Amino acid sequence: MESFLFYLFSTILLVAATAVITVRHTVRAALSLVLVFFTSAALWVLLEAEFLAVTLVVVYVGAVMVLFLFVVMMIDTNTTVLREGFTKYLPLGVLVAVTMAAEMFLALGSPGFGGMAAPAPHPASYNNVAELGSILYTQYVYPFELASVILLVAIIAAIALTFRRRPGTKYQDPARQVSVRRADCVRLVQMPAARKTPAP
Amino acid sequence: MDDPVNMQSIYLAIVLAPLIGSLIAGLFGWKVGRSGAHWAANIGVAIAFLLSLVVFKQIILDGAPSFDGVIYTWLVSGSGLHLDVGFRVDELTAIMLVVVTFVSLMVHVYTIGYMHDDPGYNRFFCYTALFTFAMLILVMANNFLQLFFGWEAVGLISYLLIGFWFKRESANYASLKAFLANRVGDLGFLLGIAVIYKYFGSMDYSTVFKSAHAIVGQTLSVWPGTEWSVITVTCILLFIGAMGKSAQVPLHVWLPESMEGPTPISALIHAATMVTAGIFMVARMSPLFEFSETALSVVLLVGATTAFFMGLLGLVQNDIKRVVAYSTLSQLGYMTVALGVSAYAAGIFHLMTHAFFKALLFLGAGSVIVAMHHEQDMRHMGGLRKYMPITYWTVLLGSLALIGFPGSAGFFSKDAIISAVEASNIPGASIAYVAVLLGVFVTALYTFRMFFLVFHGEGRMDQHTRDHLHESPWVMTLPLIALAIPSLVAGLMWAGPVLFDHPGVFFGHAIVVLPDHDVLREMAHHWQGPLSFMVHGLMDPAFWLAMAGLAVAYVCYMVRTDLPDLAIAKLGVVYTVLVEKYGFDRFNEFFFVGGGTLLGRFLWQKDVALIDGVVVNGTANAVAWISSVVRYVQSGFLYHYAFAMILGLLCLLGWFVVA
Amino acid sequence: MTFAMLKLAAASPEVLVLVGACAILMVDVFRTQEKNTKKGAEGAVLTYWLSLILLFLGAFVTFLGFGKHTGLALNGYFLKDSLGDLLKLFIYLAAFVTFVYSRDYLRERGLLTGEFFVLALFSVLGMLVLVSASSFLTVFLGLELMSLPLYALIALDRDSATASEAAMKYFVMGAIATGMLLYGMSMLYGATGSLDLGKVSEAVRHGDQKHIVLVFGLVFMVVGVAFKLGAVPFHMWLPDVYQGSPTPVTLFLSAAPKLAAFAMLLRLFMGALEPLAVEWQQMLAILAVLSMAVGNVIAVSQTNLKRMLGYSAIAHVGFLFLGMLATNPQGYSAALFYMITYSLMSLASFGVILLLSRLGFEADRVEDCKGLGERSPWFAAVMAVVMLSMAGVPPFLGFWAKWEVLRTAVDAGHVSLALVAVAFSVIGAWYYLRVIWFMYFEKAQDTAPLVPTVGMGVLLSANALALLYLGLFPSSLMAVCVLVMGAH
């Protein structure tokens, strides 16, 4: 049963992944990618990594892909230009791919990665989240911190590359708005009550 | 003065004085000005010269023991390799020191006049003094690494100086050519050193020389299935280095090109010092070469080929400096021949006399060139004798020395070489003997062709030049005179002591000759003093060949100036004119004058076409071409790059996983 | 598990740099408020000085702890040893020198922003992590932490199209290469069941796995490492990135990350996969020959100085790999020596380009060196020293680097490879000498006086003099390299 599910999801995953790069329509490609994430999540569940599977769905499908679709729909990508030369390079690409596949098959095709046994299944009381949490902040604290630094760098880089203050841009400064004084807004002008020279 | 520490500091001072002069001229030239620069360089070299004289007196006249010691240890490597800076000062070094510093000093003085108006004045003095430093390092080395350092440094500086005046268009190719020709030699040299290190486990001369006999008989296989004697391979590799530096066929192509540099450079680097580094090196390695007769034969044949065929090329040159350049090639061939027959002392002796008279000829040529407003074509000269008496007489002395006129320095050194070849029984000696004898004739012919064309006959320059002809200033004529003196008397004074009086003693342990190779000892039996040597020389074929060459030149360029052009057409006239005076038969005349000229021209063209065109330019072109084609692979397209990466990955996978 | 078990003392330099970089980031954010004042127009001067101080402190702490607390730390993800300490010292040095050289260039172009320094500092942190990595996980994280700021740094000059193109190329190619590296790691993880480099080595040595799977993974890892170092045929990004990036970034790229990538090479191949030495030795040999050939030959026809130095970097990597081929401590120490030498030479060479450039003039063509000998004899001499050293002319340091590598290669029996290396370095000498040629034998087209700031002038001179001094007295540096490799 388990292996049946594995092969089922794997097949769907591969088909969807192929679709991502072959379908003409960008939105369909993005949706195929969603399918890829879903099936990967299913595979992770089979590996008893339920928390990670859920996270994958929530983060990637729920957040990243939605954002991605949003961008795709906003930008009108001209797929015909992108596909120019596709047929021209196709034979070469296929040749390379086939060679690569053949080499991989030769190397990895025969069974056995050193013959390690699959780990024994955990009892139902096993708490995936708790285990992950405890190991992340003890055993893996260093890699975890490093990953967070990488995220920080990504933020800095993104801001540095995109944030720019164009001259002439209109913006509000709440601090100045709040600290505004009466004198800044109202100018009292002394005006005579009547004209000095009578109207003709 | 016998205190070793004291001597050591003298040696250090010899090396460092030119370096300091160079640094002052180069780095502080803007501050000390032109005169400051030339004073710094001149004083530096003069100090080196005076101290060299002291060393010469100590080692050679007083017979002080030679010095071999480490000045400072550069590096001690993990595997027990010591790299030191050290000096080995023995008789050979002492002679070289005096020659190098003397010629260098003369050239430095001369340069003050020659380069007077050049904007690169300070830079020039910086380079020449730096060159002197490098050459001294080379000569005084006591280990192979230091030798190699000096070797590379002199090459580099000469490369910089060749280009001192280069025109922009030709700059890249011509310099690349000199560079490649030298690099082929250097590669051989480096491999030779590598073999030495592998088999002797040391870089020190003394260690290597001491155990030289131990590796006789050992073999190595360069490629599987062939067994070569280690010592032969080593010597031939080292000699390839010498061929590059001393411009032996077929690595000679760069030397004529180097004439593009300023004339003082031609005199200093391309006549007197750097090009003789190869000769010096082989003489220094005599303890190795002696054990390989094969290598000696190779040396001999290469030298003989160069001596004769390069001389022929001198016949058809019209550029005054190129004539002298081809003559230098030919004379280097003579020195190499001397090395090949184990007459190292004769080779070094010729190196010394040649340094004097060839520097003299170059500086004389430079003096003429300056007077002619940088005109170098001899066809536009003539009759300069009455305008430039000092240059005329000194060049005459130099020319006589070059052709080996009895009594001149060149006579003793060249005759010693020719007799040594005659007496030798090294394979190839008989061919070499013929080549060097014929070379004497050719030498005389082209030397006096040049001499007559420049100084005698009708003036063929334009009126403006003629009006401004005058003798060069004293800073230029003084070195000419100073060089003319040893060109004249060095042989008379030194041939006995250096070569014959006590054969094998003069150079002490600096030069090793096996008893059955020792032709000089053989010849010493007949030595009865320089005068009798001269009288004996009058009966040698060499003398008569030289005279014949001189006479042919006289006839062709003074009496019948139409002859060279008509030589082939009017063979009968040539025959009758010359047969009356010398009795040479018609064939010889045809061969030497007409055929010689033709052959010279033919070889010159072949030389240009084949060696320059294909081998040297070919390599340079090929590198540039491949480079310009391959750069298109770098298309700038991301997917090409990614594809290249994936292809690379596939190939690696295919190679290691599938195979 | 307690806090003490982390052995945090071993990683004190990393902690310092992390905390410092974050602090500088915050300082810089608040500094922006004075941007419009006169002081602000000068650029992030305060950030600049703070960054220099941080690098100095990092180096100081590393130096104090040199060779102490060695062994694994941070739960086995961090390896502290003297090899790492040495490389870290040179990484700090390279970054420090880069900052000083870059200051004028950046200020003139309005690029002297806090982001430049903060990103560079985080990149340095990534390098430190990579140098001390003892697990596939930390190798990968360190590599990413090093590379990500580099991509951003290249694109920092947003108005430059070439810089954006260079960043794009580097980013995409880098992603592919990292993917391959990860794939290789996953293969080895699958075969050995561990991410720990020591355990992987142990497992591979006992050889229970299928050899072909290991080699398969190895190939991918070689590709990943070769990409970072720029070995042929994984070098394509390098010339474009070198040329396209702003020169300070090129300078940064050419020295410090190379040291870290070299550390990665050592950690992965000398450390984890030593039992597979026979295989990776052959792979590196192929890459070495290709790199020396392609790098040297193509460099000859380059007219852009930065691009030429890029190809020269490729050729140098060939030499570096040659040192690895001996697969013994002598060879590794020769390679280490080569790498350090190369980084010093590279710093000085781009330093001279920065010196020559000014606003609106990049000085990145070979012709721009024309007449430098007359314009500034001193800095022409500096450049000449660098070029001669790169060409491997004694007595400069570059000669010793080549010498040591060739010696170990010949000792290990790779005579033919050594000959190939010598032959290609002959070609290589040509284009270095061409620069010297232009400096001394061509008339200057541009006679503007060179007025470097004091710091840059002094540091650049010291850099070149170091090449000479270490060339004359190479024993100390060589001895250190031998010592940290344990190759007595």
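Of the residues B:40, B:46, which single one is away from every other protein chain (no Cβ under 14 Å) and farther than 30 Å from residue B:507 by Cβ?
Working: B:46 fails: farther than 30 Å from residue B:507 by Cβ.
Sole residue among the options that is away from every other protein chain (no Cβ under 14 Å) and farther than 30 Å from residue B:507 by Cβ: B:40.
Residues checked against (1) farther than 30 Å from residue C:4 by Cβ; (2) part of a loop (DSSP other than H, G, I, E, B):
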residue: A:119; (1), (2): yes, yes
residue: A:132; (1), (2): no, no
residue: A:135; (1), (2): no, no
residue: A:139; (1), (2): no, yes
residue: A:154; (1), (2): yes, no
residue: A:177; (1), (2): yes, no
residue: A:184; (1), (2): yes, no
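Please work out which one of (1) more than 10 Å from chain B (Cβ to nearest Cβ); (2) more than 18 Å from the chain's Cα centre (by Cα); (3) farther than 21 Å from residue C:293 by Cβ is the condition residue C:409 fails and give its number.
Among (1) more than 10 Å from chain B (Cβ to nearest Cβ); (2) more than 18 Å from the chain's Cα centre (by Cα); (3) farther than 21 Å from residue C:293 by Cβ, residue C:409 violates only (3).
If a residue has to be closer than 21 Å to residue B:542 by Cβ and of a type in the set (Val, Ile, Thr) to count, how many in segment B:305-322 make the cut?
Adding up the residues that qualify gives 2.
Name every residue in segment B:132-150 that is within 13 Å of chain C (Cβ to nearest Cβ), assigned to a helix (DSSP H, G or I) and touching a strand residue (DSSP E or B) at 6+ places or on another chain (Cβ under 9 Å), in order of residue number.
Listed by number, the residues that qualify are B:137, B:144, B:145, B:146, B:147, B:148, B:149, B:150.
For residues in segment C:28-50 being assigned to a helix (DSSP H, G or I) and within 14 Å of chain A (Cβ to nearest Cβ), which is modelled with the highest pLDDT? Walk me through it before giving the result.
Step one: filter segment C:28-50 for residues assigned to a helix (DSSP H, G or I), giving C:28-34, C:38-41, C:45-50.
From the residues that got through so far, the ones that are within 14 Å of chain A (Cβ to nearest Cβ) too are C:28-30, C:32-33, C:40, C:47.
Values: C:28: 85, C:29: 83, C:30: 80, C:32: 61, C:33: 54, C:40: 49, C:47: 89.
Restricting to residues being assigned to a helix (DSSP H, G or I) and within 14 Å of chain A (Cβ to nearest Cβ), the top hit is C:47.
How many residues does segment B:194-233 hold that are closer than 26 Å to residue B:73 by Cα and part of a helix (DSSP H, G or I)?
Matching residues across segment B:194-233 total 14.
Of all helices (runs of 4 or more DSSP H) completely enclosed by segment B:421-528, which ones contain at least 2 residues that are more than 23 Å from residue B:399 (Cα to Cα) and touching a His at 6+ places or on another chain (Cβ under 9 Å)?
On the way: elements: B:429-455, B:463-467, B:474-495, B:519-524.
Where helices (runs of 4 or more DSSP H) fall fully within segment B:421-528 and carry at least 2 residues being more than 23 Å from residue B:399 (Cα to Cα) and touching a His at 6+ places or on another chain (Cβ under 9 Å), they are B:463-467.
Which residue is nearest to the other protein chains (Cβ to nearest Cβ), if the candidates are limited to segment B:24-37 and must be crowded, with 18+ Cβ neighbours inside 10 Å and within 19 Å of residue B:107 (Cα to Cα)?
Residue satisfying both the conditions and the ranking: B:26.
Any chance you could count how many residues in segment C:114-161 are farther than 23 Å from residue C:85 by Cα and not in a helix (DSSP H, G or I)?
So the answer is 6.
From (1) buried (at least 22 other Cβ atoms within 10 Å of the Cβ); (2) polar (S, T, N, Q); (3) within 24 Å of residue A:142 (Cβ to Cβ); (4) under 21 Å from the mean Cα position of the chain (by Cα), pick out the condition that doesn't hold for residue C:102.
Among (1) buried (at least 22 other Cβ atoms within 10 Å of the Cβ); (2) polar (S, T, N, Q); (3) within 24 Å of residue A:142 (Cβ to Cβ); (4) under 21 Å from the mean Cα position of the chain (by Cα), residue C:102 violates only (3).
May I ask you to list the residues in segment B:635-659 that are more than 7 Å from every other protein chain (Cβ to nearest Cβ), under 15 Å from residue C:240 (Cα atoms) and not in a helix (DSSP H, G or I)?
Result: B:635, B:637.
With C:377, C:394 as the choices, which residue is over 25 Å from the mean Cα position of the chain (by Cα) and within 11 Å of chain B (Cβ to nearest Cβ)?
C:377
Using the structure shown, decide if residue C:421 is out of contact with any Leu (no Cβ under 8 Å at 6 or more places or on another chain) and in a helix (DSSP H, G or I).
No, not satisfied.
Pick out the one residue from A:18, A:39, A:11 that is touching a Leu at 6+ places or on another chain (Cβ under 6 Å) and either not assigned by TED's automatic domain parsing to the domain that holds residue A:93 or not hydroxyl-bearing (Ser, Thr, Tyr) (or both).
It is A:39.
State which residue is nearest to residue B:639 (Cα to Cα) when the search covers only segment C:190-202 and only residues that are within 10 Å of another protein chain (Cβ to nearest Cβ) and surrounded by fewer than 17 Cβ atoms within 10 Å (Cβ to Cβ). Please lay out each step first, then the result.
Here is the first cut: in segment C:190-202, the ones within 10 Å of another protein chain (Cβ to nearest Cβ) are C:190-193, C:195.
Pick out the ones that are also surrounded by fewer than 17 Cβ atoms within 10 Å (Cβ to Cβ) and you get C:190, C:193.
Numbers: C:190: 31, C:193: 35 Å.
Ranking the qualifying residues of segment C:190-202, first place goes to C:190.
Please state which of the following conditions residue B:175 fails to meet, knowing it meets all the rest: (1) modelled with pLDDT under 85; (2) assigned to a helix (DSSP H, G or I); (3) hydroxyl-bearing (Ser, Thr, Tyr); (4) farther than 25 Å from residue C:367 by Cβ.
Tallying (1) modelled with pLDDT under 85; (2) assigned to a helix (DSSP H, G or I); (3) hydroxyl-bearing (Ser, Thr, Tyr); (4) farther than 25 Å from residue C:367 by Cβ, residue B:175 fails exactly one: (4).
Filtering segment C:52-92 down to residues that are at positive phi and touching a residue at least 24 places away in the same chain (Cβ under 8 Å), which residue is surrounded by the most Cβ atoms within 10 Å (Cβ to Cβ)?
The qualifying residue surrounded by the most Cβ atoms within 10 Å (Cβ to Cβ) is C:74.
Residue-wise test of (1) surrounded by 24 or more Cβ atoms within 10 Å (Cβ to Cβ); (2) at pLDDT 90 or above; (3) small (Gly, Ala, Ser).
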position: B:379; (1), (2), (3): no, no, no
position: B:386; (1), (2), (3): no, no, no
position: B:399; (1), (2), (3): yes, yes, yes
position: B:405; (1), (2), (3): no, no, no
position: B:409; (1), (2), (3): yes, no, yes
position: B:412; (1), (2), (3): yes, no, no
position: B:423; (1), (2), (3): no, no, yes
position: B:430; (1), (2), (3): no, no, yes
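In this structure, is residue C:469 modelled with pLDDT under 85 and either touching a Pro at 6+ places or on another chain (Cβ under 7 Å) or not small (Gly, Ala, Ser) (or both)?
Spelling it out, it is not the case that residue C:469 is modelled with pLDDT under 85 and either touching a Pro at 6+ places or on another chain (Cβ under 7 Å) or not small (Gly, Ala, Ser) (or both).
Within segment C:127-146, can you find the residues that are more than 8 Å from chain A (Cβ to nearest Cβ), within 19 Å of the chain's Cα centre (by Cα) and in contact (Cβ under 8 Å) with a residue 60 or more places away in the chain?
Matches in segment C:127-146: C:127, C:128, C:130, C:131, C:132, C:133, C:139, C:143, C:146.
Kindly list the number of the only condition in (1) part of a helix (DSSP H, G or I); (2) in contact (Cβ under 8 Å) with a residue 24 or more places away in the chain; (3) under 18 Å from residue A:9 (Cβ atoms) that fails for residue A:27.
Among (1) part of a helix (DSSP H, G or I); (2) in contact (Cβ under 8 Å) with a residue 24 or more places away in the chain; (3) under 18 Å from residue A:9 (Cβ atoms), the lone unmet condition for residue A:27 is (3).
Out of everything in segment C:203-223 that is touching a residue at least 60 places away in the same chain (Cβ under 8 Å) and out of contact with any Phe, Trp or Tyr (no Cβ under 8 Å at 6 or more places or on another chain), what residue ends up being farthest from the other protein chains (Cβ to nearest Cβ)?
Across segment C:203-223, the extreme among qualifying residues is C:205.
Confirm whether residue C:291 is buried (at least 24 other Cβ atoms within 10 Å of the Cβ) and more than 26 Å from residue C:469 (Cα to Cα).
yes
Any idea which of (1) surrounded by fewer than 16 Cβ atoms within 10 Å (Cβ to Cβ); (2) within 30 Å of residue A:123 (Cα to Cα); (3) of a type outside the set (D, E, K, R); (4) modelled with pLDDT under 90 is the one residue A:61 doesn't satisfy?
Of the numbered conditions (1) surrounded by fewer than 16 Cβ atoms within 10 Å (Cβ to Cβ); (2) within 30 Å of residue A:123 (Cα to Cα); (3) of a type outside the set (D, E, K, R); (4) modelled with pLDDT under 90, the odd one out for residue A:61 is (1).
From the list A:39, A:55, which residue is touching a residue at least 12 places away in the same chain (Cβ under 8 Å) and either part of a loop (DSSP other than H, G, I, E, B) or out of contact with any His (no Cβ under 6 Å at 6 or more places or on another chain) (or both)?
A:39
What are the pairs, 6+ residues apart or on separate chains, where a residue within segment C:417-445 that is within 8 Å of chain B (Cβ to nearest Cβ) has its Cβ under 8 Å from a residue that is of a type in the set (Lys, Arg) and not in a helix (DSSP H, G or I)?
The qualifying pairs are C:442/C:370.
The values are calculated or read from the model by the stated rules, or taken from the named source; none is laboratory data. Source: prediction; values computed, not measured. Cβ atoms come from the backbone with ideal geometry, glycine included; neighbour counts cover every protein chain shown.
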